[in-house]
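For reference, the structure discussed in these notes is given below.
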Amino acid sequence: MLDRQKVILALENKRNQFAGYTADQARQHELIQKLLADFMQADCQTIEQRIEQSGAETPGARPTDELDRAHNLRLPFAHAWRTHQEARAWALQTLADRPVIAVDGSQITPTKDFSVPVGAVQVGWYVNYHAAGGRYVKDVAFEALGPDELGMGDDDPGGMGGDGDGFPNWRVNQVRFVRECEQLCRLMEEHAHLPQERRPFCFFDGSFVISFVGQMRPRRAAVYLEAVANLLQCSERCRVPLVGFVDTSFSRDLVTLVELLAQAPGALTLGDAALLAPRLP
């Protein structure tokens, strides 16, 4: 049962916190625009020189030549459309006979409801050939993980897997990630024989900068780093374009660089998305 009046009262009691947060966000947006305006006055070479002068080992982002050609941090797209139908027609023409591949995974972690530890990983993939007749491939691979695969490694003293319940959920998540990378590499290799203009365009569900491993023990992190490195090497070897994506980015690469050049470390609490959003209508 949910008491509506009590919910309203509880939220009203936090009104000052919500108002303070909103005001702080507004100040952050103003500061972002000021620092970004100063940042955009410098060209690529100047920014590189200032990074070198700062001595920073991790400046966040580094400028590329496109920065000098961009207006307001944007490069214009060569096409424009009046309707959604026109955009779709252009996309269909551009993608004709060009495969697009995506891979994603899911997992079931061990539970105390079963006396025997068991987990599962499923990796699914979709290949859209954009060919006449609507040819496509849609399939999954399912893998059960028994006690041997879920066993504790050398980096798990006490045999608790770091989760405190005797069931190492992290190992299931790790296997899922590795299997996604392996399957995507297999699909790239399967299509590497095609002429360059017909090789697939591949999507990886995640970022190639896997920052979350920074919170892991070195041996666990190494498995993720190796999987991504192998995937990128496979893309280069097969000459197949590979794109990593996230649905909500919390990256601060550009923010870190802007702070560095403004000599204002830690001034911004917002991320790159908030910095760029006003410039990407």
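The values are calculated or read from the model by the stated rules, or taken from the named source; none is laboratory data. Keep in mind that this is a model prediction, so the values were computed, not measured. Because the Cβ atoms are built from the backbone with ideal geometry, glycine has one as well, and the counts that use them run over all protein chains shown. What goes into the accessible areas is simple: the full protein's heavy atoms, side chains included, and nothing from ligands, DNA or RNA. Shrake-Rupley method; radii C 1.70, N 1.55, O 1.52, S 1.80 Å.
Hey, can you tell me all the residues within region 182-210 that are part of a helix (DSSP H, G or I), open to solvent by 50 Å² or more (accessible area, probe 1.4 Å) and under 27 Å from PHE142 (Cα atoms)? Answer for region 182-210, where residues must be part of a helix (DSSP H, G or I), open to solvent by 50 Å² or more (accessible area, probe 1.4 Å) and under 27 Å from PHE142 (Cα atoms): GLU182, ARG186, GLU189, GLU190. Taking region 112-147 as the range and being in contact with a helix residue (DSSP H, G or I) (Cβ under 9 Å, 6 or more places away or on another chain), not β-branched (Val, Ile, Thr) and not in a strand (DSSP E or B) as the test, the residues that pass are PRO117, HIS130. Within region 256-281, being in contact (Cβ under 8 Å) with a residue 12 or more places away in the chain and touching an Asp or Glu at 6+ places or on another chain (Cβ under 7 Å) holds for ALA262, ALA267, LEU268, ASP272. Taking the criterion of being outside any helix (DSSP H, G or I) and at pLDDT 95 or above, the only residue of region 211-239 that qualifies is ARG239. Looking at the structure I just gave you, is PRO241 without any contact (Cβ under 8 Å) to a residue 24 or more places away in the chain and open to solvent by 40 Å² or more (accessible area, probe 1.4 Å)? No; evaluated as a whole, the condition is false for this residue. For ASP38, indicate whether it is within 27 Å of LEU257 (Cβ to Cβ), modelled with pLDDT under 90 and open to solvent by 80 Å² or more (accessible area, probe 1.4 Å). The answer is yes for ASP38. Restricting LEU92, LEU67 to residues that are touching a residue at least 24 places away in the same chain (Cβ under 8 Å) and open to solvent by 100 Å² or more (accessible area, probe 1.4 Å) narrows the list to LEU92. Just to be sure, is ASP43 more than 22 Å from GLY266 (Cα to Cα) and in contact (Cβ under 8 Å) with a residue 12 or more places away in the chain? Yes. Considering region 70-83 alone, what residues qualify as being surrounded by 10 or more Cβ atoms within 10 Å (Cβ to Cβ) and either charged (D, E, K, R) or touching a strand residue (DSSP E or B) at 6+ places or on another chain (Cβ under 6 Å) (or both)? The one that is surrounded by 10 or more Cβ atoms within 10 Å (Cβ to Cβ) and either charged (D, E, K, R) or touching a strand residue (DSSP E or B) at 6+ places or on another chain (Cβ under 6 Å) (or both): ARG74.
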